[in-house]
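Single-structure report; data block below.
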Amino acid sequence: MFSKIMAPVDLAHLDKLRRAIDCAADLAGHYGADLVYVGVTAETPGALGHNPAEYAARLEAFAADQAEAHGIIASAHAMAAHDPTTDLDDALFRAIDDIGADLVVMQSHVPNLTDYIWPSNGGKLAAHAKVSVMVVRG
Amino acid sequence: MADDTTNQGIPEPEGHSDIIDTDYEIGQDNIETRIGPFGMDIHNPVFLISGLSIVAFVFYALALPEQASAIFGWLRPWLTSTFDWFFLGAANIFVLFCLFLIVSPWGRVRLGGAEATPDYTYVGWFAMLFAAGMGIGLMFFGVLEPVYHMAISEPLGVASPFAEDGSIIAANVAAAKTMGLAATIYHWGLHPWAIYAVVALALALFSFNKGLPLTIRSAFYPILGERVWGWWGHLIDTLAVFATLFGLATSLGFGAQQANAGLTHVFGLPMGISTQVVLITVITAIALVSVLRGLDGGVKVLSEINMGLAALLLLFVLIAGPTLLILTDFLSGLGAYAKELIPLSNPIGRSDTGYAHGWTTFYWAWWISWSPFVGMFIARVSRGRTVREFIICVLIIPSLVCVLWMAVFGGVAIDQVLSSPETSAVKAQVIDSYNPPLSLFAMLEGLPLAKITSVIAIVLVIVFFVTSSDSGSLVIDTITAGGKVDAPVPQRVFWCVFEGAVAIVLLIGGGLGSLQAMVISTGLPFTVVLLVMCWAIWRGLMAERR
């Protein structure tokens, strides 16, 4: 059904993404799909690396850990954005094309009032992506 | 296209890393929490201390307006006249240092590492440099300054072409006109851009190459070492936030008054606080949309639109005005600038104190107090450039553009004043009386299609305020988040709205003047900061592989 699954991750808040990460790994195992973790970083130094190259290395290490833990084929696709908070949606759309993903599994919060003003990333991806998108709530 | 460097995959790292080895982890002092549905990620001391001290100063200015006005109204001119030698001398050092870097072998060092590629095209990059740093000033002073220096302020003792009775003294005209242009170009050429370039280079080097957080304190690491993460650093960053926010808020307040004056003059709109409050609200609202759309989708787009409009206005004035004369003015202005540069930048023994204190040191203090904001913004958008390319494009090319701008707008205005002084609106608004906000409109009245060009000018002024406000909000957000550029969006919304709110409160309650004087007073400590940054850049570049 699916051969390449994309899982956007925020390495700074992995605890909040547990459900989506586990779900993506389970689906990859079930369908025998490759799992690609996508992360978007700023070009300025941050908590996750002094530069985008260090962040990419961190994401690779995360992917390797996940591959070993779940027995799946997992890789990393790190991206650098000029303004990550506002460029995130565009970055994820681009990643879908770059990777050739046919399913995106991502975490989202339970919808609330602010979603009418600021749609969530998961919501926007689900509405506009050309591939299947699974939004994991909670 | 360089703009496509956003959202790209990251290439394999190659070669040696020059990251500074420090135990400090970016974000270790931050508080991450939520207020209702809104996330927050703030640097613990800097956000809280800046926010509280800003509120405290606003209350002080409102509660004790006479005292605040007396203190800061005295402090600012005292500083600029007592320390004139310091400001002028320091600015000269910045220019010489930047020019040296262009020709030195360290010009080959690339910001972001040897493999980095430029984040933006030249067009987008220039647009953002101008819109953040200088756009408003060019609009307001492009006509006013050349005329004023030609006729009234007597830089370097040049004689005015106007006699006491208002008649023209033909023998004085050529020298006064040349000096009017040169003295203006001096204020908008190499020196202010060198001030911005020094700060921007220091921040870019220590952030992109050395891996330190994108905050003002990082440039002090070579001197303070690990102490820079403690109270010394908190003080430096808080001062920067302070100067930026009050600089923006008071600019916004005065700008609203000036835009109101323009609207009243051109359209007969009522002149008053309610119009100005509406203007500030509109500017803040547009800036808000811009910060929500982010750096590429908001700030850059607005900057490019504005530069396009400004170029259009410049071309129109060039074509509709005395074109050949203007082009001659450009060349003679450039020549006069080169000839008078050294006497004008002489820091000691000046007899033309009206010009040297009232304009030059005021400007230098003003720009130095803005430099943390503009410098940080330029740093953020300059990744991938070599030091040589960076300095040429931040120092030389904008200076040339300013020369062209002054030659066109100032040249046309001077021509209007000298060729028909009895009917010149510019003479009426600048020489016979002093109405700075009306000078640009007065010049446009002497050209065809005045109503249309005046509308374009008002739009330009408003959008230049927006681009200062949105880029300023991003900078304050970054400093108060400990150098993180990916703090939750509500934080930048907070700062954008806060700026507008402070401007409105000061406008209504009085206090714009005294707090602007206070901001300019921060130019003195920041001059020391910039001198330290020169030394830090030097140390930093020496340690880089080339």
Search result, residues across segment A:35-77 that are under 17 Å from B:Phe208 (Cβ atoms) and either aliphatic (A, V, I, L, M) or in a loop (DSSP other than H, G, I, E, B) (or both): A:Ala42, A:Glu43, A:Thr44, A:Pro45, A:Ala47, A:Leu48, A:His50, A:Asn51, A:Ala53, A:Ala56
Criterion (within 14 Å of chain B (Cβ to nearest Cβ), in contact (Cβ under 8 Å) with a residue 24 or more places away in the chain, within 24 Å of A:Asp34 (Cα to Cα) and not aromatic (Phe, Trp, Tyr)) met by exactly one of A:Leu103, A:Leu92: A:Leu92
Hits in segment B:101-128 - residues which are over 22 Å from the mean Cα position of the chain (by Cα), within 11 Å of another protein chain (Cβ to nearest Cβ) and over 19 Å from B:Phe206 (Cβ atoms): B:Thr117
Members of segment B:18-27 that are more than 8 Å from every other protein chain (Cβ to nearest Cβ) and either surrounded by 18 or more Cβ atoms within 10 Å (Cβ to Cβ) or at pLDDT 80 or above (or both): B:Ile20, B:Thr22, B:Tyr24
Residue in segment B:358-367 that is aliphatic (A, V, I, L, M) and in a helix (DSSP H, G or I) present: yes
Residue ID - farthest from B:Val282 (Cα to Cα), chosen from residues in segment B:448-490 that are within 14 Å of chain A (Cβ to nearest Cβ), aliphatic (A, V, I, L, M) and assigned to a helix (DSSP H, G or I): B:Ile479
Residue within segment A:44-52 that is closer than 15 Å to A:Leu11 by Cα, surrounded by fewer than 22 Cβ atoms within 10 Å (Cβ to Cβ) and within 12 Å of the chain's Cα centre (by Cα) present: no
Those residues of segment B:375-392 which are among the β-branched types (Val, Ile, Thr), buried (at least 24 other Cβ atoms within 10 Å of the Cβ) and part of a helix (DSSP H, G or I), in sequence order: B:Ile378, B:Val387, B:Ile391
Verdict on B:Leu144 being in a helix (DSSP H, G or I), crowded, with 24+ Cβ neighbours inside 10 Å and at pLDDT 85 or above: yes
Counted residues, segment A:4-34 - those being outside any helix (DSSP H, G or I) and not small (Gly, Ala, Ser): 7
Considering residues of segment B:427-444 that are assigned to a helix (DSSP H, G or I) and surrounded by fewer than 19 Cβ atoms within 10 Å (Cβ to Cβ) only, the residue modelled with the lowest pLDDT: B:Pro436
Any pair with Cβ under 7 angstrom, 6 or more apart, that starts in segment A:125-138 at a residue that is more than 12 Å from A:Arg19 (Cα to Cα) and ends at one that is in a loop (DSSP other than H, G, I, E, B) and not hydroxyl-bearing (Ser, Thr, Tyr): A:Val131/A:Ala101; A:Val131/A:Asp102; A:Ser132/A:Asp102
Leading residue by the ranking (surrounded by the fewest Cβ atoms within 10 Å (Cβ to Cβ)) among those in segment B:152-182 that are in contact with a Ser or Thr (Cβ under 7 Å, 6 or more places away or on another chain) and β-branched (Val, Ile, Thr): B:Ile152
Per-region count, segment A:59-72, residues touching a Gly at 6+ places or on another chain (Cβ under 7 Å) and within 11 Å of chain B (Cβ to nearest Cβ): 1
Residue selected from segment B:185-240 under the condition of a type in the set (Lys, Arg) and part of a helix (DSSP H, G or I), by the criterion farthest from the other protein chains (Cβ to nearest Cβ): B:Arg227
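Residues checked against (1) modelled with pLDDT under 80; (2) surrounded by fewer than 16 Cβ atoms within 10 Å (Cβ to Cβ); (3) more than 23 Å from B:Gly294 (Cα to Cα); (4) touching a helix residue (DSSP H, G or I) at 6+ places or on another chain (Cβ under 6 Å):
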| residue | (1), (2), (3), (4) |
| --- | --- |
| B:Asn7 | yes, no, no, yes |
| B:Pro13 | yes, yes, yes, yes |
| B:His16 | yes, yes, yes, no |
| B:Ile49 | no, no, yes, yes |
| B:Thr80 | no, no, yes, yes |
Only listed residue being touching a residue at least 60 places away in the same chain (Cβ under 8 Å), within 25 Å of B:Leu203 (Cα to Cα) and in contact with a Leu (Cβ under 8 Å, 6 or more places away or on another chain), chosen from B:Leu460, B:Leu474, B:Leu440: B:Leu474
Given (1) more than 13 Å from every other protein chain (Cβ to nearest Cβ); (2) surrounded by fewer than 22 Cβ atoms within 10 Å (Cβ to Cβ); (3) in contact with a helix residue (DSSP H, G or I) (Cβ under 7 Å, 6 or more places away or on another chain), number of the condition A:Thr86 does not satisfy: (1)
Residue match in segment B:319-328 (condition: closer than 17 Å to B:Met134 by Cα, more than 14 Å from chain A (Cβ to nearest Cβ), surrounded by fewer than 16 Cβ atoms within 10 Å (Cβ to Cβ) and without any contact (Cβ under 8 Å) to a residue 60 or more places away in the chain): no
Filter result for the condition that a residue is within 25 Å of A:His128 (Cα to Cα), modelled with pLDDT under 95, crowded, with 18+ Cβ neighbours inside 10 Å and of a type in the set (A, V, I, L, M), over A:Leu11, A:Leu103: A:Leu11
Tabulated pairs, segment B:265-292, first within 14 Å of chain A (Cβ to nearest Cβ) and within 26 Å of B:Ser303 (Cβ to Cβ), second of a type in the set (Lys, Arg) and crowded, with 17+ Cβ neighbours inside 10 Å, C-beta under 6 angstrom, 6+ apart or interchain: B:Val291/B:Arg492
Selection status of A:Asp115, within 28 Å of B:Val301 (Cβ to Cβ), at pLDDT below 95 and more than 8 Å from every other protein chain (Cβ to nearest Cβ): yes
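The values are calculated or read from the model by the stated rules, or taken from the named source; none is laboratory data. Since we're looking at a predicted model, the values are computed, not measured. So basically every Cβ, Gly included, is an ideal-geometry build from the backbone, and we count neighbours across all protein chains shown.
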